[in-house]
Amino acid sequence: MSSSPRTPSSFLTSKAGENMRTTEPRLKRSLLWFASGLAIAVAIGLLFGFVPTRFRLLGLLAVGQGCVVGALLGRAAVPLKMHDPRLGACGGFVCGVSSVGVTAAFWWAVWAAEAKKPEQPRPDAALVARMLAQMPKPADGDEEQLKAYEENRRQMTGFLERQTAPPEVELGDWLAHRASAVVDYRAAATLIGLLELILAGVAAGLLARISVGAPFCSTCQTWRRVIRSHLFPAPVPEPLRQLLPDRAPESILSVAAEFSACGCDARPTINLSLETTDRKTQPIAVVLNDEQFADLKRLLDEAQGMK
C-alpha cells in the first residue's frame, strides 16, 4: 500500500512544529540562564559590599566586579547549554550593572546609617531644653503674655527638633562623598557613578559573550571540544595550503589547524587560523571532501609523530 504524497501545507506544518520544538527548549534555557545570572549578580553584589574601604577604587573595582560576574555567567551557560552570543552580551551587561548597583545600594545604606546616628547634644541645645522645661506658664491669663509664652515655646521646640533630627541623606550625597577625592561637584560625582555601572556592564557582557559564543552543535545539543590541534609553521605543506584563501605564500607565517568534535557521529569540524605578515585571522571553518580530510589527518599524524 503506497503512502500518499505530502502536500505543501503538511510540509510547512511539520517544519513549523519542528521549529517550535527547537525554539521552546532554547527559550527556556535562555530564561533560566538569565534568571541564574541575576541571582549570581545579586550575590556577587552583596559580597563586594564587604570589600574594605581602602580597596573601593573608583572604576577599577567596578570593572573587576563585572569580570567576576561575566566569568560566572559563562560558567553557568555550560550546563544550561545557552549558546546565544547576543543574549550573552546583553544579559551580561544587565547583570554586571545590577551587581554594581546592589553593591552601591549596600554602601549607601551603611553610610547613611552612620550619618544618621544621634550625636551628643550640643551645650546650647541642652541649655534650651532646660529652659523649656523650667519655663512657667503665666498664671494671670493675660492674652499678650500667653501669646509670648506660646511663641517662645514654639521657637525653642523648633530649635531642639532641628538639633536632634537625623540629617537627610540622599544617594547624590553619598556619590559626592565617595568621589570627593577626585571631584568637588555633585553632578560630576553622579556621572562617575554612572560610568562605573557602564564599565561593569561592558566587562560582564564581553566575558559572558566569549563563553556563550563557544562552538555549539545544535543537532546533538552539546558543546564542541577541540580533540586535536597543531601549528604548522611556514613553509606550509601543499595539501594544507590548497585549503587556504588566496594569499601569497611568502605572507603566511603559520597555520593553526584544529579538529573539534561534538556528540554526533559526524566528521570533526576543521578550523584553520592564519598568521600572516600583517595580521592574524580568526578561525575559519573549512568543509573537506574525503580525500582532503585524509590528507589533512595524515599531515597532522606526521607532525605529531603518530605515524
- Evaluate segment 48-59: report whether one residue or more is buried (at least 16 other Cβ atoms within 10 Å of the Cβ), in a helix (DSSP H, G or I), at pLDDT 85 or above and in contact with a helix residue (DSSP H, G or I) (Cβ under 8 Å, 6 or more places away or on another chain). yes
- In segment 65-79, what count of residues is obtained for those that are surrounded by fewer than 16 Cβ atoms within 10 Å (Cβ to Cβ) and free of Cβ contacts under 8 Å to residues at least 60 places away in the same chain? 1
- Number of positions in segment 176-211 that are in contact (Cβ under 8 Å) with a residue 40 or more places away in the chain and within 25 Å of the chain's Cα centre (by Cα): 21
- Query: Would a scan of segment 212-230 turn up a residue that is hydroxyl-bearing (S, T, Y), in contact (Cβ under 8 Å) with a residue 40 or more places away in the chain and surrounded by 13 or more Cβ atoms within 10 Å (Cβ to Cβ)?
  - Reply: yes
- Query: Within segment 43-63, can you find the residues that are free of Cβ contacts under 8 Å to residues at least 12 places away in the same chain and closer than 16 Å to L194 by Cα?
  - Reply: L57, L60
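The values are calculated or read from the model by the stated rules, or taken from the named source; none is laboratory data. This structure is a prediction, so every number in the text was calculated from the model and none was measured. Virtual Cβ from ideal backbone geometry, glycine too; neighbours counted across all protein chains shown.
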